[in-house]
Amino acid sequence: MIYPEPVARLIDALTRLPGIGPKTAQRLAFFILKRPADEAQALAGAIVAARTQVVTCSRCHNLTDTDPCRLCSDESRDRTMLCVVQEPRDVAAMERTREYRGLYHVLHGAISPLDGVGPDDLRVRELVARLHDGSVSEVILATNPNVEGEATALYLARLIRSVTPAVRVTRIARGLPVGGDLEYADEVTLSKALEGRREL
Amino acid sequence: MRLERLRLQAFRNYGAVDLSWGPAFNVLLGPNGAGKTNLLEGIALLATGRSPRAVRDPELVQWGESGYLVWGRVARRAGPTVLELRYRLAPAEKRLRVDGAEVASTVAGGGLQAVFFSPEDLGLVRGAPVQRRRFADGLLAQLSATYRHLLLAFGRALAQRNQVLRELAGRRLDAELVEVLTAWDASLADAAAGIIRRRAALTATLEARAAGHYAGLAGGGERLGLSYCPAGLWGSGAMQQARAAPTRAALAELAAGAGPDAAAEPPVLRERLLSVLEVARRDDIKQGATAAGPHRDEWRVWLDGSDIRSFGSRGQQRCAALALRLAERELLAEASGEAPLLLLDDVLSELDEERRRRLLSLAGRDSQVFLAATALHGQALPPGSTVFAVEQGRVRPAGTEVR
């Protein structure tokens, strides 16, 4: 390697990050080297702190620095509603709506046999356990609207109905983006929206 | 619609070409292996996103290069459009841009439509079922983005289901895994119902059009027929694929509950597929593959009620294949309101003079035509034809035919 060992190691470490190729890694490494030493120190500190202080919440399995997380311990939230999502970032997206006031459950993925991901690799058992005490009356399945997300939702719906039949299971709707014009919607979204039409 | 300009870079045997086309009849003349078909393939790729020769992208890249570019300027009634398809080998990436804006090349179309006629089209009639499925899928995919989406979803669900089947082969009593399989059954049936309904609807229109063209080409009294046989839906045993053609009424019954344009898939068909999958489950696990579904569908082509595959002459089979392509052209033209490009790859040499004349007059109606041939066989070209000489990956305008 033409770079000094520490630099080569930094580039190598950066290359392991998602979406970062060798060229970007080099650019990032040299940017870091050019900046004052305390900036590098702060970056390293932030990475280590995030990695050591962030855990998954023992109830909803979202990422948190306190256990249970702020959402789970917030007394004002509606404890009868549970929204099931694939990833922590989906919780953030739902929270941005400021409309949903219930609790969450993060699966950390979707069922995908080709990737070796089955229900045991997701927080499915934990989800079922949360339903047993009877406090939850509705589960909203908000997995992604793609093939894996749909299959995961179908799997969970059957499972929840068989284990806790009293719990209502719903699936978020698919449809048109708000504020857009009908003529610009793609055909697939439009036909899904038509499928999910309701009476006025 | 007209393709005004085409640029190819590192595509097949072309390092770099930039061509301006004539508005009506373009003739590519050159010896075998010169690259005539590659030009037509480039145009077809721009229209459909995939090679009409069913070749994978890496094979389209010129030897030693890292990716290809196909660029075209299209004049449509609505105005000009620039299409740019870029493929990179490693890491593999394919991008389609329409007027500079990126669109998903697998789901969204770019507004160019083309029909590719090749000598291998004989396989549409004589060949394996996969060739008829590819034809129907290619046509439906050009007609509907929803169909493209359904095909992708079906392919993905099928691969996932087959993976579960293989995992189940070792341990049959894994209740949890059986539940996972059930979830994939439902996903698969959803996509499959949509595909089957659209294939059935297509078959009816395609048959009517192809029969008309067959009569025009063959000039005889025989009637061309086409029937769709969805695999597994009418089998007696679960593993037995129904190769016998179902009656039209049986198909219509399955597709009931949804008009041709309704968005919801017919519930009867979906339920039928689910029960077929459930009955076939044990055999599927043994095979590690899904036996029933649109990936095994078949079409039969008839001539006056007898199967053309076994009883038709080669000439009749060739005419039937041409008739199917001409029907494709007609359906595309009706859907977009503009005549699609016609890419005729070496099809003249296979026909007698009378059929050649009929094909050219049928084909030439309002379409921009690209005709590749080693020789013209004395065939008179329509006035205003533009001739190109193709040799060793080079293309040179050879003048305008005024005859």
* Any hit, the stretch B:167-180, residues being buried (at least 23 other Cβ atoms within 10 Å of the Cβ) and either of a type in the set (D, E, K, R) or facing another protein chain (nearest Cβ under 10 Å) (or both) -> yes
* Does at least one position in the stretch B:133-144 carry a residue that is within 9 Å of chain A (Cβ to nearest Cβ) and at pLDDT below 90? -> yes
* Asked: Among the candidates A:Arg130, A:Arg123, which residue alone is open to solvent by 60 Å² or more (accessible area, probe 1.4 Å), in contact (Cβ under 8 Å) with a residue 40 or more places away in the chain and either under 19 Å from A:Leu63 (Cβ atoms) or touching a strand residue (DSSP E or B) at 6+ places or on another chain (Cβ under 7 Å) (or both)?
  -> A:Arg123
* To do: For the stretch A:161-179, state whether one or more residues are part of a helix (DSSP H, G or I), more than 22 Å from the chain's Cα centre (by Cα) and within 11 Å of chain B (Cβ to nearest Cβ).
  => yes
* What helices (runs of 4 or more DSSP H), lying completely within the stretch B:273-345, carry at least 3 residues that are closer than 21 Å to B:Arg355 by Cβ? -> B:308-311, B:314-336
* To do: Give the residue, chosen from B:Leu40, B:Leu124, B:Leu69, that is assigned to a strand (DSSP E or B), open to solvent by less than 40 Å² (accessible area, probe 1.4 Å) and at pLDDT 90 or above.
  => B:Leu69
* Asked: For the subset of the stretch B:91-121 comprising residues that are at pLDDT below 85 and assigned to a strand (DSSP E or B), which member is surrounded by the fewest Cβ atoms within 10 Å (Cβ to Cβ)?
  -> B:Ala101
* To do: Pick out the one residue from B:Arg300, B:Arg281, B:Arg314 that is under 21 Å from B:Gly155 (Cα atoms) and open to solvent by 40 Å² or more (accessible area, probe 1.4 Å).
  => B:Arg281
* Structure fact -> Per the filter on the stretch B:124-149, residues over 20 Å from B:Ala47 (Cβ atoms) and without any contact (Cβ under 8 Å) to a residue 60 or more places away in the chain are B:Gly127, B:Ala128, B:Val130
* To do: Taking A:Cys60 as meeting all but one of (1) touching a helix residue (DSSP H, G or I) at 6+ places or on another chain (Cβ under 6 Å); (2) free of Cβ contacts under 8 Å to residues at least 24 places away in the same chain, write down the number of the exception.
  => (2)
* Asked: What do you reckon, is B:Ala153 closer than 14 Å to B:Pro294 by Cβ, more than 12 Å from chain A (Cβ to nearest Cβ) and either open to solvent by 10 Å² or more (accessible area, probe 1.4 Å) or modelled with pLDDT under 95 (or both)?
  -> no
* Look through the stretch B:362-376, keep the residues that are in a loop (DSSP other than H, G, I, E, B) and out of contact with any Asp or Glu (no Cβ under 8 Å at 6 or more places or on another chain), and return whichever of them is surrounded by the fewest Cβ atoms within 10 Å (Cβ to Cβ). => B:Asp366
* Kindly provide the set of residues from the stretch A:31-55 that are surrounded by 12 or more Cβ atoms within 10 Å (Cβ to Cβ) and touching a residue at least 12 places away in the same chain (Cβ under 8 Å), ordered by number. => A:Ile32, A:Leu33, A:Val55
* If only one of B:Arg166, B:Arg161, B:Arg197 is modelled with pLDDT of 95 or more, part of a helix (DSSP H, G or I) and over 17 Å from B:Gly225 (Cβ atoms), which one is it? -> B:Arg161
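The values are calculated or read from the model by the stated rules, or taken from the named source; none is laboratory data. All values reported here derive from a predicted model rather than from experimental measurement. Heads up, the Cβs are rebuilt from the backbone with ideal geometry, glycines too, and the neighbour counts pull from every protein chain shown. Heads up: the accessible areas ignore ligands, DNA and RNA and are worked out on the full protein's heavy atoms, side chains in. Shrake-Rupley method; radii C 1.70, N 1.55, O 1.52, S 1.80 Å.
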